[in-house]
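The values are calculated or read from the model by the stated rules, or taken from the named source; none is laboratory data. These numbers come from a predicted model, not from an experiment. Note that we place each Cβ from the backbone using ideal geometry, even for glycine, and neighbour counts take in every protein chain shown.
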Amino acid sequence: MKIYTKTGDEGETGLYDGPRVTKSHARIEAYGEIDELNSVIGIVRAEELTDEMDQLLGRIQNDLFAVGAELATPDPQSRGTDFIQDEDVLTLEAVIDAHEASLKPLKQFILPGGTKPSAMLHCARSVCRRAERRIVALQHAEDQQVSKHVLKYVNRLSDLLFVLARAVNAIAGQHDVTWEKPARS
């Protein structure tokens, strides 16, 4: 199988089992952001992490392929690509709760930073938030429902990435970088 098909040379691409659309279509934007998020998580995984953290991020990368497949399909339920379900969201929540239990409670805003993997996880979190906005835009642009499971999953994933950024710092003995509120004169 060749990597290039030449079918997109005019600025269009095909949806899974669906029509051809422009490469700037809201659906392409949405799953393109998920692809970028997956790549950023791959960069995080290239850093030195605990085995548990690496395995968790690997599972998330696989889930993100499922999210992308669902977003690339105009009618995922009828095409069998409605992969993300409530249990996937609940799994993320359980992981968030487990990691948060070992962290000091937040008393002020923190800045992305600390260790390199933490800063990269914050970057992944911000890409995840952008992906969430694109998914909402798709829902409104198409005047159709995007799976509530996909939207919840991506929303919860950004929370998890935030908590993981803090956890990576804690494991390394690095304090979170706190925001310094501007002084008023």
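Taking the criterion of being in contact (Cβ under 8 Å) with a residue 40 or more places away in the chain and within 17 Å of VAL40 (Cβ to Cβ), the residues of the range 157-185 that qualify are LEU157, ASP159, LEU160, LEU161, PHE162, VAL163, LEU164, ALA165, VAL168. Of all residue pairs spaced 6 or more apart or on separate chains, those with beta-carbon atoms under 7 Å, a first member in the range 103-121 that is under 11 Å from TRP179 (Cβ atoms) and a second member that is exposed (fewer than 12 other Cβ atoms within 10 Å of the Cβ) are GLN108/TRP179; PHE109/TRP179; ILE110/TRP179; LEU111/TRP179. The number of residues in the range 97-125 that are surrounded by 12 or more Cβ atoms within 10 Å (Cβ to Cβ), of a type in the set (A, V, I, L, M) and part of a helix (DSSP H, G or I) comes to 4. Which of the residues that make up the range 48-60 are over 17 Å from LEU90 (Cα atoms) and in a helix (DSSP H, G or I)? If the condition is that a residue be over 17 Å from LEU90 (Cα atoms) and in a helix (DSSP H, G or I), then ASP51, GLU52, MET53, ASP54, GLN55, GLY58 are the ones that fit. Residues that are more than 12 Å from LEU157 (Cβ to Cβ) and of a type in the set (D, E, K, R) within the range 111-139 comprise LYS116, ARG130, ARG133, ARG134, listed in sequence order.
Scan the range 9-43 for residues that are over 13 Å from the mean Cα position of the chain (by Cα), surrounded by 15 or more Cβ atoms within 10 Å (Cβ to Cβ) and modelled with pLDDT of 95 or more and the total you get is 0. Within this structure, ASP86 fails the test of being more than 23 Å from ALA172 (Cα to Cα), modelled with pLDDT under 90 and of a type in the set (D, E, K, R).
ASN169 meets the conditions (1) under 25 Å from GLY58 (Cα atoms); (2) surrounded by 12 or more Cβ atoms within 10 Å (Cβ to Cβ); (3) out of contact with any Ser or Thr (no Cβ under 7 Å at 6 or more places or on another chain) in every case but one. The failed one is (3). Scanning the range 130-148 for residues that are crowded, with 19+ Cβ neighbours inside 10 Å and not in a loop (DSSP other than H, G, I, E, B) yields ALA131, GLU132, ARG134, ILE135, LEU138.
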